[in-house]
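Notes to accompany the following structure.
The values are calculated or read from the model by the stated rules, or taken from the named source; none is laboratory data. The structure presented is a predicted model; accordingly, all values stated were derived computationally and were not measured. When we count neighbours, we look across all protein chains shown, and the Cβ atoms used for this are built from the backbone with ideal geometry, even at glycine.
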C-alpha cells in the first residue's frame, strides 16, 4: 500500500498524515464523519485540556445531554474543520498529529507510522507493553514477509534493482519498512526478557 512518495522529503509531514487519512476514507467504509469523530475522541483522550481549549467537541459528553440539535451543530462544525485539513485548505497543526495517527486504522496507520519514521532513518516499531500479543506481531511479520518475498522475487527476477522496477519500488519499500518494524518490535521484547533474566542470557550466549 503506497500513499505518498515513500519517504521523499519533498512531501511535508502533514501531507503524509493527510494522504494516509484521505486514502483510508476513499478506500474503506470509514467515512469522513467517522474519521472526524474518531479524531475528536482521541484528542480528548490524549490532550483533554488542549482539546477543550481548541474547541474540539466531546461527542460522548454531548450525547449524554440528549440534545440532538446540539450534537448535530457540533458534528457539522467539526466535520467542516476536519475537511479543511483533509483538502489542504488549512495546514494540519502539530498538536493534532498524534491523535490523527491514532485515528487511522490497520495498514493505513502502519504505513503512515513507517513513512513518518523513515524520514528520520527509523522504523515504525512500537513497544510491546503489558498484555500486548507478541504472537500477533509474529503472525503479522510472517504475513508481511511472505508478501515482501513475492514482490521482491518479481523485482529481482533479472538479478537487479534498477529503473525498470520503478513501478514496484514504492510498494517494495513500504513492505520492507513494515517487516523491519515488526522485527524490531519482537527483538525489543526478547531483549527486554533477557534483561530481566541476565543469568539465562549468560547461559545461552555462545562461547
Contacts under 6 angstrom Cβ, first residue in the stretch 1-20 being surrounded by fewer than 20 Cβ atoms within 10 Å (Cβ to Cβ), partner modelled with pLDDT under 75 and assigned to a helix (DSSP H, G or I), 6 or more apart: 7/118
Any pair with Cβ under 7 angstrom, 6 or more apart, that starts in the stretch 136-157 at a residue that is at negative phi and modelled with pLDDT of 85 or more and ends at one that is surrounded by 12 or more Cβ atoms within 10 Å (Cβ to Cβ) and outside any helix (DSSP H, G or I): 151/168; 154/168; 155/161; 155/168
Only listed residue being at pLDDT 85 or above, surrounded by 12 or more Cβ atoms within 10 Å (Cβ to Cβ), under 21 Å from residue 12 (Cβ atoms) and out of contact with any helix residue (DSSP H, G or I) (no Cβ under 9 Å at 6 or more places or on another chain), chosen from 73, 84: 84
Selection within the stretch 170-188 - over 21 Å from residue 153 (Cα atoms), touching a helix residue (DSSP H, G or I) at 6+ places or on another chain (Cβ under 8 Å) and modelled with pLDDT of 80 or more: 186
